[in-house]
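Presented below is the structure to which this report refers.
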Amino acid sequence: MKAFLIDRYGKQETGRIGEVPTPPLRDGDVLIRVHAASVNALDTKIRRGEFKAVLPYRLPLILGNDLAGTVERVGAGVSQFKPGDEVYARPDDDRIGTFAGLIAVNAGSVAPKPGNLSMVEAASLPLVALTAWQTLVETAQLKPGQKVFIQAGSGGVGTVAIQLAKHLGAFVATTTSTANVAWVKALGADVVIDYRQQDFASELRDYDVVLNSLGKEELERSLQILKPGGHLISISGPPTPAFAAARGLGWPLKQVLRLLSRGISSKARQKGVTYTFVFMRADGQQLRGITPLVESGAIRPVIDRVFPFQDTQGALAYVESGRAKGKVVVELPWLD
């Protein structure tokens, strides 16, 4: 089958399309024919080698972290899916590779595709929807009436997180550029900070939760807007020793992460705020919980551009440019 691969890590690595064997089907797996796969910032970070210490992939590596497609075969012990079922999924992070004709995914990470979405629309959701769910529902336990600040509201995670937070009854603030202010308000944001003209740390006060997806400066300045007892959640780091323990990482790496996160953790404690790093995980049961929200219209996919599989390299470059409004999807119709 054809797949989009990288042969090495680095900023200069562009990737290539090559022929690879069909993945083996383990017990408990579902073999999925990929119809569409979305491109995430995670893919560009993996390509640069930013996660090689905690995600030691073997090279060459097929990129791609979420998909929509049809079940081709099921492994031993799988009863909830059958060939022909339309599904969507975020594979376990040690078994990525959705930029390919076929992928074997643990059945526990797979869910039936929302009935009201196309394959392209469904492929745009798993990673960002699970990220929003695991940060706002699972970690923050966001309640009606609470105030949440979601950075980068026009990005892939931001667009879904705004919609989910509003569904949960929260008051939502976000940031975006001048051109996208009205568009982000239409997603449901109550307050939109134009970061080209306004400073969120000066404009916002007494927030319960911050979802950080940007850099160190924005992370530290977010502490200024949280009230005592608030929760600062970051999906862009720095990782914490708790993250290392959850992943079963060795003692030396735990100590490295302790050093990396010591600054923000200390500042958070001084402010009476909790700091948590979240690295989203595959979870088919949570996807099943998200599906009714999609089918009811509470969460709708936001897609900027669709690229053909042959231009996966271009799709990655577009995401890396930071210009995408919502999600970017790679379509594989030639494999159907």
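The values are calculated or read from the model by the stated rules, or taken from the named source; none is laboratory data. Keep in mind the model is a prediction, meaning the values are calculated, not measured. Every residue, glycine among them, receives a Cβ derived from its backbone with ideal geometry; neighbour counts consider all protein chains shown. Only protein heavy atoms, including side chains, enter the accessible area calculation; ligands, DNA and RNA are left aside. Shrake-Rupley method; radii C 1.70, N 1.55, O 1.52, S 1.80 Å.
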remark   = Put Ser222, Ser213 in order of accessible area, largest first, probe 1.4 Å, and you get Ser213, Ser222
ask   = For segment 1-29 and segment 236-315, what is the separation of their C-alpha centers, rounded to whole Å?
value = 23 Å
message = For a quick check: with amide H placed at 1.01 Å from N, whose amide H comes under 5 Å from Leu102's, ignoring anything fewer than 5 positions away on the same chain?
response = Val34
query = Which distance in nm do the two modelled labels at Arg95 and Glu203 give, with both placed 7 Å along the Cα-to-Cβ direction?
reply = 4.4 nm
ask   = Between Gln310 and Ala179, what FRET efficiency follows from the Cβ-Cβ distance if R0 is 41 Å, with the result rounded to 0.05?
value = 0.85
ask   = Volume per residue, Å³, of the convex hull around the alpha-carbon atoms of segment 42-167?
value = 147 Å³
query = So how many Å³ per residue does the convex hull of the Cα atoms of segment 16-105 work out to?
reply = 98 Å³
query = Say R0 is 56 Å: what FRET efficiency, to the nearest 0.05, do Val54 and Asn116 get from their beta-carbon distance?
reply = 0.95
request  = Indicate the helices, whole DSSP H runs only, in the chain that combine a mean Kyte-Doolittle hydropathy of -1.0 or more with a Cα extent along their long axis of 15 angstrom or more.
outcome  = 156-167, 251-270, 284-296
query = Give me the log10 of I(q) over I(0) for segment 150-200 at q = 0.17, 0.19, 0.29 Å⁻¹, as the Debye formula computes it from C-alpha points; what are the numbers?
reply = -0.39, -0.49, -1.09
remark   = Using alpha carbon positions and the Kirkwood radius, the Rg to Rh ratio of segment 178-224 is 0.95
ask   = Quick one: which of Lys113/Lys227; Lys216/Lys327; Lys113/Lys325; Lys143/Lys185; Lys11/Lys113; Lys11/Lys254 span more than 30 angstrom between C-alpha atoms?
value = Lys113/Lys227; Lys11/Lys113
query = For segment 20-89, what % of the accessible area comes from carbon and sulfur atoms, probe 1.4 Å?
reply = 51 percent
ask   = 222 nm [θ] for the chain, helices only, -39500 (n - 2.57) per DSSP H run of 4+, per residue, to 500?
value = -8000 deg cm²/dmol
query = For the chain, with every protein chain kept in place, what is the accessible area per residue (1.4 Å probe, Å²)?
reply = 42 Å²
request  = Between Arg288 and Ile17, with labels modelled 7 Å along Cα→Cβ, what's the label distance in nm to one decimal, could you check?
outcome  = 3.6 nm
inquiry  = Report D for segment 185-283 in µm² per second (integer): Stokes-Einstein, Kirkwood Rh on Cα pairs, 10 °C, 1.306 mPa s.
reply    = 109 µm²/s
ask   = Working from the pairwise distances between different alpha carbons, so that the mean of 1/r is found and then inverted, what is the chain's Kirkwood radius in Å?
value = 20.3 Å
query = Given a cut-off of 19 Å, what percent of all Cα-Cα pairs of segment 118-187 lie beyond it?
reply = 32 percent
